[in-house]
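Right, one structure below, let's go through it.
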Amino acid sequence: QELMLYYQPIISLQTGQLTDVEVLVRWQHPERGLVMPSEFIPLAEDTGLIIDIGRWVLEEACYKLKALHEQFPSAANLRFSVNLASDQLQEPNFIEDIDRILALSGLDGQYLKLELTESMLMAHEEKHIQTLQQLRDRNIQISLDDFGTGYSSLSYLYRFPLDTLKIDRSFISRMMAQPQDAEIVSTIISLARTLNMAVIAEGIETEAEAAYLVHLGCDCGQGYLFSPPLSPQELEARLQAQQPALDPPQRPLVSPVPTQSVVASIPAQPEYS
């Protein structure tokens with residue numbers, strides 16, 4: 001009973017509204033304090049405990065989101081995004097677990113988004129295609145996390161039923177200074193548009209990064225510019241302070257178009273003959 005969930009807001013870069021929340025697991029150790037997943041998740045994967053942990057995270061997240069929907073008008077359309085481990089996706093009873101969790105929590109599948117990595121998709125391709133299609137049949141969205149750091153094969157983007165690409169934070173942190181990384185970000189956004197997918201940029205830390213992503217047409221972003229991961233109490237306080245979801249926001253969190261100073265700092269796009 002020492003695991004707990006934290007929640008990092010995902011913000012619409014066009015409206016400034018909170019649209020999604022990424023669910024993150026932490027270990028509140030009685031002696032070491034708050035332990036980050038980078039320390040204990042690899043051990044959980046090696047021992048096989050990741051399946052039980054992953055199931056617990058899904059259950060807790062679905063119950064929590066259902067409660068937030070009922071408690072806060074501003075959370076009426078909020079979605080939770082939950083990371084899956086490779087072992088979870090390969091579990092024979094994975095779909096049955098999803099059905100049970102949704103039924104017991106009362107959460108509609110359309111408010112749940114599951115995050116996978118590229119390396120997970122490349123193993124057992126045909127089986128994963130069937131599993132992901134079963135999830136889509138339940139209106140659950142599928143997000144590809146850390147895009148650009150793995151295989152990045154265009155073929156599987158066409159083969160797998162995906163809804164969202166998440167641009168890895170490494171590209172976001174370098175794009176203002178490195179034209180090559182800026183071009184990669186622009187290409188990923190264009191690719192997602194072609195495939196009718198949404199795009200989320202991870203690790204946004206400055207107004208200049210946010211404004212450039214607005215300029216490129218990126219849909220959403222997350223990062224410390226907007227909010228660090230929040231405790232359950234902090235997330236509830238944020239929802240309490242927000243306007244109802246159907247009301248227009250007071251102001252966007254970032255300018256709808258880059259200012260002159262930001263435009264001047266945007267790396268020039270290469271010209272092609």
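Beta-bridge orientation, the chain: approximately 40 percent antiparallel, per DSSP, counting only bridges with both partners inside.
Using 0.36 nm per residue and subtracting the Cα-Cα separation, the extra length available between residue 71 and residue 159 on full extension is 27.8 nm.
Taking the Cβ of residue 110 as the center, what net charge do the other residues with Cβ under 10 Å away carry, scoring Lys and Arg +1 and Asp and Glu -1?
Local charge sum for residue 110: +2.
Across region 163-171, rounded Karplus estimates of 3J(HN,Hα) from the backbone phi angles (6.51 cos²θ - 1.76 cosθ + 1.60, θ = phi - 60°) give 10, 9, 10, 10, 7, 4, 4, 4, 6 Hz, Gly and Pro being marked x. Compared with the dominant principal axis of the Cα atoms in the chain, helix 125-137 is inclined by about 90°.
Stretching residue 123 away from residue 174 to a fully extended chain increases their span by 15.4 nm, per 0.36 nm per residue minus the current alpha-carbon distance. Any idea which of 7, 239, 122 is furthest toward the positive side of the dipole for the chain, if Lys and Arg beta-carbons carry +1 and Asp and Glu beta-carbons -1? Among 7, 239, 122, the one farthest towards the positive end of the dipole of the chain is 239.
Only the Cβ atoms of Lys and Arg (+1) and of Asp and Glu (-1) were treated as charged; on that basis the dipole of region 1-122 about its Cα centre amounts to roughly 480 debye.
Per residue, the Cα convex hull of region 165-204 amounts to 47 Å³. From Cα pairs below 8 angstrom and at least 6 apart in sequence, can you work out the relative contact order of region 132-221, rounded to a whole percent? Rounded, it is 26 percent for region 132-221.
Please get the size of the charge dipole for the chain, origin at its Cα centre, with Cβ charges of +1 on Lys and Arg and -1 on Asp and Glu, quoted in debye to the nearest 20. Kindly include the intermediate steps, with their values, before the conclusion.
Working: 18 positive and 37 negative charges, 130 e Å.
Value, rounded to 20: 620 debye.
Across all Cα atoms of the chain, the radius of gyration (one decimal) and Dmax (whole number) stand at 18.8, 62 Å.
With a Förster radius of 41 Å, plug the Cβ-Cβ distance of residue 86 and residue 2 into 1/(1 + (r/R0)^6) and report the FRET value to the nearest 0.05.
Given R0 = 41 Å and the Cβ-Cβ separation, E is 0.95.
Hey, what angle do you get for helix 50-71 against the long axis of the chain, alpha-carbon based, 0 to 90 degrees rounded to 10? The helix 50-71 is inclined about 70 degrees to the chain.
Considering helices alone, the calculated mean residue ellipticity of the chain at 222 nm is -13000 deg cm²/dmol, with DSSP H runs of length four and up weighted by -39500 (n - 2.57) and normalised per residue. Among 83-93, 137-147, sorting by the average number of other beta carbon atoms lying within 10 angstrom of each residue, highest first, gives 137-147, 83-93.
Within 10 Å, count the other beta carbons around each residue, average over each peptide in 34-45, 13-24, 94-105, and list them highest first. Show your work: numbers first, answer last.
Values: 34-45: 13.4, 13-24: 20.6, 94-105: 15.6.
Going by the mean number of other Cβ atoms within 10 Å, highest first, we get 13-24, 94-105, 34-45.
The residues packed around residue 205, meaning those with a beta-carbon under 15 Å from its beta-carbon, carry a net charge of -3 if Lys and Arg are +1 and Asp and Glu are -1. Relative to the longest principal axis of the Cα atoms of the chain, the long axis of helix 179-194 makes an angle of roughly 60 degrees.
Readers should treat all values here as calculations from the given coordinates under stated rules, not as data from a laboratory. Everything numeric in this text was worked out from a predicted model, so none of it was measured. Every residue, glycine as well, gets a Cβ built from its backbone with ideal geometry; the counts of neighbours run over all protein chains shown.
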